[in-house]
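Participant: First, the structure itself, so that you have it in front of you.
The values are calculated or read from the model by the stated rules, or taken from the named source; none is laboratory data. This structure is a prediction, so every number in the text was calculated from the model and none was measured. Reconstructed Cβ throughout: ideal geometry from the backbone, glycine too, with neighbour counts over all protein chains shown.
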Amino acid sequence: MIHAPLALNRKLVDSLYLESMLLADEARSYFDAHGRAERDALAPMQRVGFSCESLRVTTRLMHIIAWLLTQRAVFAGEISAEQAAAPERRLGRAQGHDPEMVTGLPETARHIIAATGDLYARVARLDAGMSRPVPFSSPAQGLLRRLEMAF
């Protein structure tokens, strides 16, 4: 077995990129402006939790977008698939949300937190698939195996 990069579909990457950018805009709009009144109505510890969760959302989105931009660079021929598979270009680690804290947050915040968690999980599965062992067999090796079994 050898390690072969997962063949990503350009349409999938573009779709995930669009989804991540829309989600980033929604998160920015909510956490920077529209969610301010909801945050201010929370108890002091919940306000701290709200701020922590907004930072986690931002971190997840930054890692996702960086990874997707790397994949787009491969499709554009700017970097090779081997360069994209380098450890520093893989999906960065992002801390999950605090379920106990999230339950006390406003509905819109919970929605954004869940959406970024789901998107991160999907991209993480794609990233993990890039280093999964893939069986490789040349036609010549297959013929040799069949000959060995015949005699």
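Participant: Filter region 82-111 down to residues that are outside any loop (DSSP other than H, G, I, E, B), within 15 Å of the chain's Cα centre (by Cα) and touching a residue at least 40 places away in the same chain (Cβ under 8 Å), then give me how many there are.
Facilitator: Total meeting the criteria: 1.
Participant: May I ask you to list the residues in region 40-52 that are in a helix (DSSP H, G or I), surrounded by fewer than 20 Cβ atoms within 10 Å (Cβ to Cβ) and in contact (Cβ under 8 Å) with a residue 40 or more places away in the chain? Show your work before the answer.
Facilitator: Filtering region 40-52 for residues in a helix (DSSP H, G or I) gives 40, 44-52.
Within this subset, residues satisfying the condition of being surrounded by fewer than 20 Cβ atoms within 10 Å (Cβ to Cβ) are 40, 44-48, 51-52.
Correct list: 46, 52.
Participant: Let me ask another. Take region 72-81 and flag every residue that is part of a helix (DSSP H, G or I) and either at positive phi or of a type in the set (A, V, I, L, M) (or both). Spell out the reasoning first.
Facilitator: Kept after step one, since they are part of a helix (DSSP H, G or I), are these residues of region 72-81: 72-75, 81.
Hits for region 72-81 are 73, 74, 81.
Participant: Being exposed (fewer than 15 other Cβ atoms within 10 Å of the Cβ), in a helix (DSSP H, G or I), within 21 Å of the chain's Cα centre (by Cα) and not acidic (Asp, Glu) is true for just one of 55, 16. Which residue is that? Outline the logic, then answer.
Facilitator: On the way: 16 fails: exposed (fewer than 15 other Cβ atoms within 10 Å of the Cβ).
Exactly one residue qualifies, and that residue is 55.
Participant: Continuing with the same structure: Within region 127-145, is there a residue that is closer than 15 Å to residue 20 by Cβ and at pLDDT 90 or above?
Facilitator: Residues of region 127-145 closer than 15 Å to residue 20 by Cβ: 127.
Among the residues that remain, those that are also at pLDDT 90 or above are: 127.
Yes, that holds for at least one residue.
Participant: Let me ask something additional. Just need a number here: residues in region 66-81 that are over 17 Å from the mean Cα position of the chain (by Cα) and polar (S, T, N, Q).
Facilitator: Step one: list which residues in region 66-81 are over 17 Å from the mean Cα position of the chain (by Cα), which gives 75-81.
Among the residues that remain, those that are also polar (S, T, N, Q) are: 80.
Going through region 66-81 one residue at a time, the tally reaches 1.
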